[in-house]
Amino acid sequence: MYYERLMEKLEKKTAVLGVLGLGYVGLPLAVEKAKAGYKVIGVDVQKKKVDMVNAGHNYIGDVVDSDLSLLAEQGRIRASADFSLLGKCDCVAICVPTPLDAYYQPDISYVESSARQVAKYAHKGMLVILESTTYPGTTEEIIKPLLEAEGFTVGKDIFLAFSPERVDPGNAVYKTKNTPKVVGGVTPECSQLAARLYGSVLEGEIHIVSSPKVAEMEKILENTFRNINIALANEMAILCERMGIPVWEVIDAAKTKPYGFMAFYPGPGLGGHCIPIDPFYLTWKAREFNYHTRLIEIAGEINNSMPEYCADRIARQLNRIKKPLKGSKVLLLGAAYKPDIDDLRESPALELARVLHEQGCVVSYNDPYNPCFTHKGLTLESVELSPQAMEEADIVVITTNHSCYDPQFILEHARLVFDTRNLTKGFSASHLERL
């Protein structure tokens with residue numbers, strides 16, 4: 001009875017959809033649901049986000065400003081910090097952060113507190129979907145018991161599924177709308193309802209798996225795959241530098257093979273919320289089964305060591321012109337973890353700035369997308385990228401390959417250049433070194 005009623009609401013798009021967490025995942029999802037014709041209620045504890053959504057002011061790069069403005073004006077989407085509004089929703093997607101603590105253990109507190117609020121205001125016939133990336137078992141071990149404690153029977157009078165977010169900030173091709181979606185419900189009915197919801201909103205293929213654990217694990221696999229292969233590229237960069245071989249040319253040559261090779265690139269470290277963090281969810285969970293994920297842990301060690309390695313390369317480059325690292329002026333170009341976005345989450349540029357500062361460097365940076373940042377006690381403001389700023393620096397370090405950075409302009413005005421992103425591909429100069 002509850003299954004049929006909710007399915008009918010989804011088919012007619014009369015269901016009210018809730019999105020808990022209006023960040024990089026939640027807001028684009030809420031906008032797509034509203035664009036598809038649903039009424040959407042967004043809930044977030046941050047008043048600033050709530051006010052901006054209600055005013056139609058966008059703060060996420062992957063959301064089109066005019067889309068949010070129009071939807072807010074039409075009343076198709078509204079936001080609130082009042083969790084009781086979840087009780088008016090037929091479906092609720094939980095899109096909250098899942099960070100690591102200081103010991104690289106998952107911090108599930110945001111998921112758990114959100115699930116408690118959902119359970120508190122849940123009603124019969126509701127579909128709850130967790131989208132936050134987490135370790136396998138979270139949906140059934142944390143959210144399911146909370147719903148059952150309120151007297152619900154999952155699969156009969158309430159429905160529960162996991163569908164991992166797939167967000168790549170700044171990707172010009174794949175957005176929330178057209179990226180394939182994986183769904184794993186606690187029961188087949190849960191899966192079918194979740195698939196119907198996403199199928200009515202998104203253009204990408206909906207792939208149903210047998211359980212939430214499978215969906216949770218596949219998300220970890222996606223990002224662990226990238227984490228490990230980036231670690232391999234970073235280790236190749238370290239070895240190639242010692243052997244006097246240009247690693248970027250090696251990778252370009254390898255990717256001419258039309259099968260059996262996928263190009264990954266080195267850099268000053270890993271950034272973004274997913275790739276540096278998600279594999280450690282699995283490392284932590286594996287210990288419960290008396291298994292140590294050695295490959296994942298080694299990859300993490302390599303990637304986490306890259307800011308220190310880059311600082312060492314900078315020191316050696318300065319040493320060649322008889323400049324000590326301590327007291328040298330270092331200008332970093334780029335603070336975001338990837339080009340042409342403002343996302344600073346886990347950005348290796350910030351960690352490199354901290355490492356250099358602790359070693360006595362006078363650190364400055366430029367980033368047109370980020371006017372300032374604070375990282376582990378270090379606060380910096382972006383400086384103007386002028387010829388004077390580069391000429392005054394002892395070394396310019398390219399940490400993000402923003403498209404607005406002109407390599408020829410940089411090479412003309414910088415005394416020394418250390419390029420960690422291959423922005424200067426095709427250029428050669430005696431004062432230039434690449435990772």
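The spacing between the range 179-207 and the range 112-154, judged by their C-alpha centroids, is 17 Å. Positive-end ranking of 353, 263, 180 along the dipole of the chain, with charges on Cβ about the Cα centre, is headed by 180. Percent of accessible area on the chain owned by carbon and sulfur, 1.4 Å probe? Carbon and sulfur: 53 percent of the exposed surface of the chain. Spin-label model, residue 66 to residue 378: label points 7 Å out along the Cα-to-beta-carbon direction sit 4.2 nm apart. Name the residue from 380, 309, 284 whose Cα lies farthest towards the positive end of the charge dipole of the range 282-383, charges +1 on Cβ of Lys and Arg and -1 on Cβ of Asp and Glu. Projecting each Cα onto the dipole axis, the largest value belongs to 309. In the complete set of protein chains, residue-level accessible area for residue 174 is approximately 120 Å², probe 1.4 angstrom. Measuring with a 1.4 angstrom probe and ignoring ligands and nucleic acids, residue 284 comes out at about 80 Å² accessible. Net charge dipole, the chain: roughly 280 debye, given to the nearest 20, about the Cα centre with Cβ charges of +1 for Lys and Arg and -1 for Asp and Glu. Calculated mean residue ellipticity at 222 nm for the chain: -12000 deg cm²/dmol, from DSSP H runs with n ≥ 4 weighted as -39500 (n - 2.57), summed, divided by the residue count and rounded to 500. Take the chain with all the other protein chains still there, run a 1.4 Å probe, and you get 45 Å² of accessible area per residue.
Put 310, 404 in order of accessible area, highest first, and with a 1.4 Å probe you get 404, 310.
Among the DSSP helices (H) of the chain, those spanning at least 30 angstrom by Cα along their long axis with an average Kyte-Doolittle hydropathy of -0.5 or more are 212-243; this is a geometric and hydropathy rule only.
With R₀ set to 25 Å, the beta-carbon distance separating residue 14 from residue 107 gives a calculated FRET efficiency near 0.10. Shape annotation for the range 254-351: C-alpha extents along the principal axes are 53, 38, 29 Å, from largest to smallest.
Here the dipole of the range 1-153 is about 580 debye; that uses its Cα centre as origin and unit charges on the Cβ of Lys and Arg (positive) and Asp and Glu (negative). Kirkwood radius, the range 140-274, all distinct C-alpha pairs, inverse of mean reciprocal distance: 17.9 Å. Counting DSSP beta bridges in the chain, what percent are antiparallel, to the nearest 5? Here the share of antiparallel DSSP bridges comes out near 15 percent.
Computed about its Cα centre, the charge dipole of the range 321-435 is approximately 460 debye, with only Lys, Arg, Asp and Glu carrying charge at their Cβ.
Pairs of Cα atoms nearer than 8 Å and 6+ residues apart set the relative contact order; for the chain it is 11 percent. Three semi-axes describe the equivalent ellipsoid of the chain; taken as square roots of 5 times the Cα gyration tensor eigenvalues and ordered largest first, they are 44, 24, 19 Å.
The values are calculated or read from the model by the stated rules, or taken from the named source; none is laboratory data. Being a predicted model, the structure only gives us computed values, none of them experimental. Cβ coordinates were reconstructed from backbone atoms using ideal geometry, including for glycine residues, and neighbour counts include every protein chain displayed. Each accessible area value is taken on the protein alone, full model and side chains, heavy atoms only, with ligands, DNA and RNA left out. Shrake-Rupley method; radii C 1.70, N 1.55, O 1.52, S 1.80 Å.
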